[in-house]
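The values are calculated or read from the model by the stated rules, or taken from the named source; none is laboratory data. All values derive from a computational prediction rather than experimental measurement. Cβ placement follows ideal geometry from the backbone for every residue including glycine, while neighbour counts extend to all protein chains displayed.
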Amino acid sequence: MRAERKPDTGLELFDKLLKAFNQKAEDVTALFNDDAFIEYPYAGAVGAQTRLNMQEYANHLNAILGQMPDITFTDIRVYPVSNSDSFWAEVHGEVLIPKTGKKYEQDYVMYFTAQNGKFIFYREYWNPQAFLRAFNESENTQSTSENTNK
């Protein structure tokens with residue numbers, strides 16, 4: 001018999017994750033079970049990996065977190081999935097990208113499952129065009145996105 005989950009478990013875990021993104025990769029990965037998987041379904045559109053194990057995720061975080069210092073999250077909403085340890089979440093993120101000087105604004109939708117107080121599965125949906133606009137050093141993101149789709 002499964003222990004009954006507290007209604008705020010997902011919100012607490014998600015809040016810890018958002019705070020950890022402004023710390024270091026180890027703080028983020030500490031919130032995940034060792035056998036967890038992370039998925040970014042739209043990452044292929046920007047040439048990135050779409051499914052990562054924990055080692056790959058740690059490498060990804062070490063590469064990206066420094067490029068997104070002091071990201072601010074607002075409009076945080078977490079919705080428990082009935083009779084499970086899974087949750088949907090929505091959040092708005094904003095950060096100035098030092099390398100390009102451009103503002104990165106993203107509305108994220110996440111689906112995650114918790115096990116033993118940590119993430120066991122995490123899927124994050126985001127707009128690849130917003131990513132390309134903020135991280136592309138040139139002004140013409142249209143050609144970058146066209147090249148990515150080839």
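Checking the conditions here, which among LEU18, LEU96, LEU65 is at negative phi, touching a strand residue (DSSP E or B) at 6+ places or on another chain (Cβ under 6 Å), surrounded by 13 or more Cβ atoms within 10 Å (Cβ to Cβ) and not in a strand (DSSP E or B)?
Values: LEU96 fails: not in a strand (DSSP E or B); LEU65 fails: touching a strand residue (DSSP E or B) at 6+ places or on another chain (Cβ under 6 Å).
LEU18 is the lone residue from the list that is at negative phi, touching a strand residue (DSSP E or B) at 6+ places or on another chain (Cβ under 6 Å), surrounded by 13 or more Cβ atoms within 10 Å (Cβ to Cβ) and not in a strand (DSSP E or B).
Mind listing whichever residues of the stretch 31-52 are among the small types (Gly, Ala, Ser) and in contact (Cβ under 8 Å) with a residue 40 or more places away in the chain? The answer is ALA36, ALA43, ALA45, GLY47.
Candidates TYR108, TYR57, TYR104: the one that is surrounded by 13 or more Cβ atoms within 10 Å (Cβ to Cβ), of a type in the set (Ser, Thr, Tyr), in a helix (DSSP H, G or I) and within 15 Å of the chain's Cα centre (by Cα) is TYR57. Applying the set (1) under 19 Å from LEU17 (Cβ atoms); (2) among the charged types (D, E, K, R); (3) modelled with pLDDT under 95 to GLU139 leaves exactly one unmet item: (1).
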